[in-house]
1. Would you say GLY42 is assigned to a loop (DSSP other than H, G, I, E, B), over 14 Å from the mean Cα position of the chain (by Cα) and either modelled with pLDDT of 95 or more or not basic (Lys, Arg) (or both)?
2. Cβ-Cβ under 8 Å, sequence separation 6+ or interchain: first residue in segment 45-64 and without any contact (Cβ under 8 Å) to a residue 24 or more places away in the chain, partner assigned to a loop (DSSP other than H, G, I, E, B). Which pairs?
3. Within the bounds of segment 3-24, is there any residue that is in a helix (DSSP H, G or I) and within 21 Å of ARG105 (Cα to Cα)?
4. Give me a count of the residues in segment 10-32 that are buried (at least 17 other Cβ atoms within 10 Å of the Cβ), touching a residue at least 40 places away in the same chain (Cβ under 8 Å) and farther than 30 Å from SER124 by Cα.
5. Taking the conditions exactly as written (at pLDDT 95 or above, within 16 Å of ARG132 (Cα to Cα) and surrounded by 17 or more Cβ atoms within 10 Å (Cβ to Cβ)), does LEU60 satisfy them or not?
6. Show the residue pairs that are 6+ apart or on different chains and have beta-carbon atoms under 7 Å apart, the first residue being within segment 123-144 and under 24 Å from ASP54 (Cβ atoms) and crowded, with 17+ Cβ neighbours inside 10 Å, the second being charged (D, E, K, R) and modelled with pLDDT of 95 or more.
7. Check segment 120-140 and report whether any residue there is closer than 23 Å to PRO12 by Cβ, in contact with a Lys or Arg (Cβ under 8 Å, 6 or more places away or on another chain), modelled with pLDDT of 95 or more and not basic (Lys, Arg).
Amino acid sequence: MSMRIAPDKNRPSVAIEIPLTKPLPDYDLDQVEQPTPRDIDGILVSQGFRDLVDDARGILTDLVAHPPAAPDGSHFVDLGLIDGPRLEISQLTGAICPGDEEVYRPGLWIVLKDPKAKSNQSMSEVALEQVRLIAKALVQRLGL
């Protein structure tokens, strides 16, 4: 999985790009590698991909409300943070993800933000770690 997590500079938000690297027959997404971005457009508007986005939204909403534990089993509230970083979903949509050697794939584009942080401040390391855990759990639960 070649997921990319890109924090915004001087903004409390982060973009997550999750390309589909394998076929997803449950969503009728059998050909995920295409030679041109235009070929990906047809996938992004298919019913199967819209179903994937709907499922991702439900899972992501649950993960934001109930973040997964850190690898050591601790939760962010255990770190002394009052209620931990509460993130919100700013965007969840389809994306055209460039691959290797002129191959393109459909993917998910997610933007999460920390609404409690100052608007001109980058996301904290604790919040970024929570984003990483959420993204990893999303990929696992969707079977990507």
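The values are calculated or read from the model by the stated rules, or taken from the named source; none is laboratory data. The structure presented is a predicted model; accordingly, all values stated were derived computationally and were not measured. Every residue, glycine among them, receives a Cβ derived from its backbone with ideal geometry; neighbour counts consider all protein chains shown.
1. So GLY42 fails the test.
2. Close Cβ pairs (under 8 Å, with a partner that is assigned to a loop (DSSP other than H, G, I, E, B)) amount to SER46/ASP28; GLN47/ASP28.
3. Looking for residues that are in a helix (DSSP H, G or I) and within 21 Å of ARG105 (Cα to Cα), one finds none in segment 3-24, hence no.
4. The total comes to 3.
5. yes
6. Filtered contacts from segment 123-144: LEU142/ASP55.
7. no
Here is a yes/no grid of residues against (1) of a type outside the set (S, T, N, Q); (2) at pLDDT below 90; (3) crowded, with 16+ Cβ neighbours inside 10 Å:
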{"residue": "SER74", "(1), (2), (3)": "no, yes, no"}
{"residue": "VAL77", "(1), (2), (3)": "yes, yes, no"}
{"residue": "GLY99", "(1), (2), (3)": "yes, yes, no"}
{"residue": "TYR104", "(1), (2), (3)": "yes, no, yes"}
{"residue": "GLY107", "(1), (2), (3)": "yes, no, yes"}
{"residue": "VAL111", "(1), (2), (3)": "yes, no, yes"}
{"residue": "LYS116", "(1), (2), (3)": "yes, yes, no"}
